[in-house]
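To keep things clear, I will list the structure first and then write my remarks on it.
The values are calculated or read from the model by the stated rules, or taken from the named source; none is laboratory data. Note that the structure is a prediction, hence the values are computed from the model and not measured. In this analysis, Cβ positions are derived from the backbone assuming ideal geometry, glycine residues included, and neighbour counts consider all displayed protein chains.
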Amino acid sequence: MRTRSPARVKVGSNNGLDREQKSNGSFTTPGRAALNAYTKSNGQEIRLIAGAANGGAGLLVQPDQNLKAAADFRGKKIATPQLGNTQDISCRAWLTDGGLKITQLGGDAQVIPTQNPDQLGLFKAKRIDGVWTVEPWLTRLEQEASGKVLVEEKDAATTVLVSSVKFLNEKRDVAKKFAQAHAELTDWIIKNPEEAQQLIKAELLAETKSDMSPQLIDAAWKRIVFTAETPRAAVEKFMQNSVKAGFIKTAPDLSKLFETP
């Protein structure tokens, strides 16, 4: 779930750096997309100027299976939303830390990139043993398929606020005002959860023609931490996980990534 303004609240978990780009050069984006852009440009294009939302992701398992630790997933199948996305990397790193050998094509356990809507059907049919995903799918799997939450990523940097280096250099005053407005909006969301949830429900219906129940939104909301604080520790951990998962060879120097307008 992501937010844009009290009058317009957006929900989504797809990766893509330009998903919510602003005309002024600052935008919110999944943490993975921001770090990918930073890495590919050798730290020349992107600066992370604030946090937006943490948590809201985790691993659910079949309720009738005795899966309690990473080592228990030997020979098992876990679905993730997309190869190389935030949850996919977290899943692969967690399994690796548990002593399993994981490759992009297989290994001791299979990590299978699967679109979020398809995960639900496969989980219900018991064709997969677990799902590492993001809200609201985490709650839907829990409520509609009796999934059991095994791992909850409470501190993961799910969404962050970034700016182009070019914009910071040319219009730092505007970027500062934007970051301040972002912080004020975040504070409003924290203090007015019921109204914010109503806005989310209305926009979901308008954009997707799918009506999400207030109960589902409320349950998913409880796993998300809205914050404007820069998630330095979470970003550094994600980079370490990317190395463990084999998506990058070495973690890049992050000293230029964080900047306050």
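Figures for the structure shown
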| item | result |
| --- | --- |
| Among the candidates Lys201, Lys249, Lys244, residue that is surrounded by 15 or more Cβ atoms within 10 Å (Cβ to Cβ) and under 30 Å from Leu100 (Cβ atoms) | Lys244 |
| Test set (1) of a type in the set (D, E, K, R); (2) modelled with pLDDT under 95; (3) in a helix (DSSP H, G or I); (4) over 30 Å from Leu141 (Cα atoms) - Glu184 fails condition number | (2) |
| Residue under evaluation Ala157, criteria (1) modelled with pLDDT of 95 or more; (2) within 29 Å of Lys40 (Cα to Cα); (3) of a type outside the set (S, T, N, Q); (4) surrounded by 17 or more Cβ atoms within 10 Å (Cβ to Cβ), criterion not met | (1) |
| Odd one out for Val235, checked against (1) within 20 Å of Glu45 (Cβ to Cβ); (2) part of a helix (DSSP H, G or I); (3) without any contact (Cβ under 8 Å) to a residue 12 or more places away in the chain | (3) |
| Identity of the residue in region 50-109, under 15 Å from the mean Cα position of the chain (by Cα) and of a type in the set (S, T, N, Q), that ends up farthest from Phe123 (Cα to Cα) | Asn54 |
| Subset of region 59-99 [within 17 Å of Asn116 (Cβ to Cβ) and of a type in the set (D, E, K, R)] | Lys77, Asp88 |
| Residue selected from region 204-241 under the condition of a type in the set (Ser, Thr, Tyr) and loosely packed, with under 15 Cβ neighbours inside 10 Å, by the criterion nearest to Leu83 (Cα to Cα) | Thr208 |
| Number of positions in region 74-103 that are part of a helix (DSSP H, G or I) and either among the acidic types (Asp, Glu) or under 23 Å from Glu135 (Cα atoms) (or both) | 11 |
| Positions within region 62-86 being over 17 Å from Ile248 (Cβ atoms) and in contact with a Pro (Cβ under 8 Å, 6 or more places away or on another chain), in sequence order | Ala79, Thr80, Pro81 |
| Residue selected from region 124-139 under the condition in a helix (DSSP H, G or I) and out of contact with any helix residue (DSSP H, G or I) (no Cβ under 6 Å at 6 or more places or on another chain), by the criterion surrounded by the most Cβ atoms within 10 Å (Cβ to Cβ) | Leu138 |
| Any hit, region 244-257, residues being assigned to a helix (DSSP H, G or I) and within 26 Å of Cys91 (Cα to Cα) | yes |
| Test: Leu199 is in contact with a strand residue (DSSP E or B) (Cβ under 7 Å, 6 or more places away or on another chain), in contact (Cβ under 8 Å) with a residue 40 or more places away in the chain, in the same structural domain as Ala37 (by TED's automatic domain parsing) and closer than 30 Å to Glu144 by Cα | yes |
| Some residue of region 106-121 being outside the structural domain of Ile217 (by TED's automatic domain parsing), more than 26 Å from Leu204 (Cβ to Cβ) and in a helix (DSSP H, G or I) | no |
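Per-residue answers, yes or no, for (1) under 27 Å from Gln215 (Cβ atoms); (2) of a type in the set (D, E, K, R):
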| site | (1), (2) |
| --- | --- |
| Pro81 | yes, no |
| Leu100 | no, no |
| Ala109 | no, no |
| Pro117 | yes, no |
| Lys126 | yes, yes |
| Thr133 | yes, no |
| Ala156 | yes, no |
| Thr159 | yes, no |
